[in-house]
Amino acid sequence: MIDIENVSKVYTLGESEVRALDDISLHIAQGEMTAIMGPSGSGKSTLLAILGCLDVPSSGAYKLDGVSVEKLNDDQLAAVRSRKIGFVFQQFNLLSRTSALDNVMLPLTYAGVGGKQRRRLATEALQKVGLGDRLHHRPNELSGGQQQRVAIARALVNSPAILLADEPTGALDSKTGDEIISLFQQLHRDLGQTVIYVTHDPFIARHTGRIVRIADGRIAGDDQVEHPLAAGTPRPSDLALPNGPAPAPQTAATQPAALTLPAQLPVAA
Amino acid sequence: MDLLDNFRIALRALSANKLRSALTMLGIIIGVASVVALMAIGTGATASITGQVQGTGSNLVSVSPGQLRAGPAAASANTAILYLSDAHALQAGLPDAKYVLPIFQGSTTSTYQQNSVRVNTIASLPTYPTVRNLSLAHGRLLTDGDERDVSRVAVLGSQTATDLFGPRDPLGQSIKINGTSFKVVGVLVSSGASGFSNTDQSILVPLETGYEKLFGVAANTTGRRQVSSVLISAKTPESVNGILVKADTILRRAHGLTPTADADFSVLSQQQLLQTLTTITTTLTIFLGAIAGISLLVGGIGIMNIMLVSVTERTREIGLRKAVGARRNVILLQFLIETLFLSLIGGMLGIGLGWAIAEAVTLSKLITTSVTPTSVALAFLFSSAVGVFFGLYPAYRASRLRPIEALRYE
């Protein structure tokens, strides 16, 4: 499904060069649910943007469904995004002053889906994320969690093969974030899509079957999760932990140390 | 996706940002309206001035003191004087002239009961209305008898009659001009002309009466009667040029000037007068055009500001649209439709507003304005070009960014 070989991404900031990705190779199979973790500036978001065809690598090869994406031009990339990829952003990126339904219909419009079907598919997508009764609300009339659900519906509406999310819970409180992750799990189970999300919350990451760790633009770890947490699992603070005291709610801001000490986590790493 | 979808997306984006759309349109409206209105006023003023000259007939030659020239006024203009004797000399020496009319006119205060107006009182011969193409509405015109008897009788211009008498009948009433009583014997039909020297806002009195009973010393210099101008009506249009040459010779002799000396009088045919006036009105039009141009520029800068201020928001919007699958041309088409729509609506509102201003000026009876298609087209095209350029250019740049760059744009 996703095959990247020796991919690097170099930004030039004035005189200096920043190597956001340094010779990364990664294979992700169809239907896998994967978390990409890493500290700020590690290059995980850059990797996700390249996977989502929102950016192109400076060097290396990227095959998506057997198509060499790095050779495509701007419009061809737009077509790939339109057909194969659904992207969810940390900051939702909904069109302001535009109804949830109109926001969700946008990808369908660009994909050339007819008006009636467009409306039906968008309504269905919003129902799937639990917003069937909020079709005509505008983003500023919705809570953060609801806005992210609209964004997820927008990412789903084209029935893409891959659902990508860049810190989808980053702008939400932990309870709402957990609900969003549960939604991702449910969609993954029901629709069988390949789901990849970037997070620096280990608890969020443990809901997937695979955790890829990025540090300094390189892959620092690639582990299978033997028993992914099920939707609705309470946060570690609520878990009865037999060994040692329970850790505080783990968000990146409060516990960056957890990222460097994965052994402390109740993760089958 | 089809064109209809493009339209729908563009209009939805406009209605989602009503304030921004309205402000952009405002710039276009101001620019277009000011150009249309100012050019209409300029054109109206030009037509009014030249129309008055043309309305006086095609055979006319006018003689005035000093040199009437385009550009800086001649130094002698203030001191040069024409005398009644000059008019008599012209009368005697111009067999091709049908009429030679000495005219003395001055600004006077005219009152009837408590109503008082400042009007131009014209003292001339009974043939004056004939030469100036003026016709009578009520009563009678001035006669040779009035002239002979030095009667204190007056014929009112239509506006003067309305101003003094309102709906009442002025005939037979007594008015005071600069304190002297005159009996109103007639009222003229409105000549329709408006603006500067307007016969509708004047009073006609016999020439002799003007000298003897109204203007007094103001009309006399060192014991000689002076005239404001002499109007000569040629028998045929072909004889106008001959009269111009002969009048010059006669007046040089009367003023004791050699044929090469600078004349202290002007002899102008209708045609020459028109040319002189045209240079004046052209200057006026250029002046108004410059003001209109500045308004257009200010409107354009307004449009530009709104467009550039919203660049960040719109760049992100473009990034998002690309991220969900929009191709570059689709985005550009959306922005083109948006800006064209704003320019079109704004342009039409601007034309409407400019036209309304021009109409209001006409209704105020200052100048009969006329909206010209050229000014409409010019204003419309310029504002649209500014709107489309400043709307499209940032969009063009944003559409070339990779989606991730556009989404991060600050």
Whole-number D in µm² s⁻¹ for the stretch B:121-209, Kirkwood Cα-pair radius fed into Stokes-Einstein, 10 °C, 1.306 mPa s: 124
If every Lys and Arg gets +1 and every Asp and Glu gets -1 at its Cβ, then about the Cα centre the stretch B:81-219 yields a dipole, in debye to the nearest 20, of 300
³J(HN,Hα), Karplus 6.51/-1.76/1.60, whole Hz, each residue of the stretch A:11-21, x for Gly, Pro: 9, 9, 10, x, 7, 8, 9, 10, 9, 6, 10
Using amide H atoms built in the peptide plane, which far-off residues or other-chain residues are under 5 Å from B:Tyr83 H to H? B:Val227
Percentage of interatomic Cα-Cα distances in the stretch A:90-215 larger than 26 Å: 18
At 0.36 nm per residue, minus the direct Cα-Cα distance, what do B:Lys98 and B:Leu332 gain on full extension? Give it in nm, one decimal, please. 76.9 nm
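Only bridges with both residues in the protein assembly as shown count here: give the DSSP antiparallel percent, nearest 5. Numbers along the way, then the final one.
Values: 61 of 88 bridges.
Roughly 70 percent of the beta bridges in the protein assembly as shown run antiparallel, per DSSP.
Contact order normalised by length for the stretch B:104-256, with contacts defined as Cα pairs under 8 Å and 6 or more residues apart; what percent is it? Before the final figure, lay out the partial values.
Details: 255 pairs, mean separation 42.0, N = 153.
Answer for the stretch B:104-256 is 27 percent.
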Give me, ordered by chain and number, the residues 5 or more places off A:Lys9 or on other chains with an amide H under 5 Å from its own placed amide H. A:Ala20, A:Leu21, A:Asp22, A:Asp23, A:Ser58
Give me the distance between the Cα centres of the stretch A:36-80 and the stretch B:267-345, rounded to whole Å. 42
extent check for chain A: Cα max minus min per principal axis, descending, whole Å, gives 57, 44, 36
Global size of the stretch A:47-98 as Cα Rg and Dmax, reported in angstrom: 12.4, 40
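For B:Leu3 and B:Leu297, compute 0.36 nm times the residue count separating them, minus their Cα-Cα distance, and round to one decimal in nm. It would help to have the intermediate numbers written out before the result.
On the way: separation 294, 0.36 × 294 = 105.84 nm, distance 3.31 nm.
102.5 nm is the gain from fully extending B:Leu3 to B:Leu297.
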Would you compute the Debye intensity of the protein assembly as shown from its alpha-carbon atoms alone, equal scatterers and no solvent, and pass along log10 I(q)/I(0) at q = 0.05, 0.09 Å⁻¹ to two decimals? -0.50, -0.81
What would the Debye equation give as log₁₀ I(q)/I(0) for the stretch B:263-389 at q = 0.16, 0.18 Å⁻¹, counting only Cα atoms as equal point scatterers? -0.93, -1.06
Long-range amide H contacts for A:Ala165: which residues qualify at under 5 Å (H placed 1.01 Å from N, peptide plane, sequence gap of 5 or more or a different chain)? A:Val88, A:Ile196, A:Tyr197, A:Val198
Which of B:Tyr393, B:Val376, B:Leu407, positive extreme of dipole for the stretch B:269-410 (C-beta unit charges): B:Leu407
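Only four residue types carry charge here, +1 at the Cβ of Lys and Arg and -1 at the Cβ of Asp and Glu. Report the dipole size of chain A about the Cα centre in Debye, rounded to the nearest 20. Can you show the working numbers first?
Details: 25 positive and 28 negative charges, 196 e Å.
Charge dipole, chain A, about its Cα centre: 940 debye, nearest 20.
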Taking the stretch A:1-58, the whole-percent share of alpha-carbon pairs separated by over 13 angstrom is 64
Defining a contact as two alpha carbons under 8 Å apart and six or more residues distant in sequence, what relative contact order in percent does chain B show? 31
Of A:Gln117, B:Gln272, B:Gln159, which is farthest along the charge dipole of the protein assembly as shown in the positive direction, counting Lys and Arg as +1 and Asp and Glu as -1 at C-beta? B:Gln159
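None of the figures in this text is laboratory data; all of them are computed from the coordinates on show. Given the structure is predicted, the values throughout are model-derived calculations rather than measurements. All Cβ positions, glycine included, derive from the backbone under ideal geometry; neighbour counts span all protein chains shown.
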